[in-house]
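Asks: Here it is, the structure, as structure tokens.
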Amino acid sequence: MRSNAREAAFKIVFSELFQESAEKAFRNRVYKSEKLNEEDAAFAERLVSLVAIHREELSAMLAEKIERFAENRIYKADRAALLIGLAEIKFCDDVPALVSITEAATLARKYSTENSANFVSGVLGGFIQS
């Protein structure tokens, strides 16, 4: 299920906000804990790779949209959800943008603060309206 794949990708991207790169063994443990099949693990890996490859570009795009917040003021969980959602919006033509936004907001709701889902969906929504 792609929701579980996104959650696995979120956990890996979140960990990479604290260290440079998640080891393959860690990634495999996350995929196993989420009970991902081969197809879903490939989707999660695709998201993680897109964020890694385009991190600077994605971060710059987010910084433009979130002008009033310094990067260090955004919760790491929110940042991870934003990076995954924006990577999907920009680089995954097979995923509708509204699905990407909803899924990112769901992750923020689960792993961050009470207001994070609205924040994440608002920021990402700005990318599909522009």
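Just so it is clear, none of the values below were taken in a lab; they were calculated from the coordinates. These figures come from a predicted structure and were not determined experimentally. Here the Cβ positions follow ideal geometry from the backbone for every residue, glycine too, while neighbour counts run over all protein chains shown.
Asks: Of the residues Asp78, Asp40, Asp94, which exhibits the maximal mean-square fluctuation in a Gaussian network model of the chain defined by a 10 Å Cα contact cut-off?
Replies: Result: Asp94 has the largest fluctuation of those listed.
Asks: Mind ranking 5-18, 115-128 by how tightly packed they are, going by the mean number of other C-beta atoms within 10 angstrom, highest first?
Replies: Sorting 5-18, 115-128 by mean packing, highest first, produces 5-18, 115-128.
Asks: I'd like the FRET efficiency for Glu114 and Arg68, computed as 1/(1 + (r/R0)^6) with the beta carbon distance as r and R0 of 25 Å, rounded to 0.05.
Replies: Rounded to the nearest 0.05, the efficiency is 0.80.
Asks: Another question about this same structure. Applying 1/(1 + (r/R0)^6) with R0 = 22 Å to the Cβ-Cβ distance of Phe26 and Tyr75, what FRET efficiency is obtained, to the nearest 0.05?
Replies: That pair, Phe26 with Tyr75, gives E of 0.55.
Asks: Output ³J(HN,Hα) for the stretch 28-36: one whole-Hz value per residue in order, computed from phi by the Karplus curve 6.51 cos²θ - 1.76 cosθ + 1.60 with θ = phi - 60°, and x for Gly and Pro.
Replies: After applying 6.51 cos²θ - 1.76 cosθ + 1.60, I find 4, 5, 5, 4, 5, 5, 7, 6, 7 Hz.
Asks: Restricting to Cα pairs below 8 Å that are 6+ residues apart, what does the relative contact order work out to for the chain? Please round to a whole percent.
Replies: 25 percent
Asks: Can you pull the Rg over Rh of the stretch 73-130, Cα-only, Kirkwood?
Replies: When Rh is taken as the Kirkwood radius, the ratio is 0.95.
Asks: Taking the chain as a Gaussian network, Cα atoms linked when under 10 Å apart, which of Glu88, Glu103, Glu39 shows the biggest mean-square fluctuation?
Replies: Result for the chain, Cα springs under 10 Å: Glu39 fluctuates most.
Asks: When the Cα atoms of the chain are enclosed in a convex hull and the volume is divided per residue, what value in Å³ results?
Replies: So the per-residue hull volume is 98 Å³.
Asks: List the lysines whose Cα sits under 23 Å from the Cα of Lys32, skipping any in the same chain fewer than 8 residues away.
Replies: Lys11, Lys24, Lys110
Asks: With θ set to phi - 60°, apply the Karplus curve 6.51 cos²θ - 1.76 cosθ + 1.60 along the stretch 111-117 and write out the HN-Hα couplings as whole Hz, x wherever there is a Gly or Pro.
Replies: Result, ordered by residue: 10, 10, 8, 4, 8, 5, 4 Hz.
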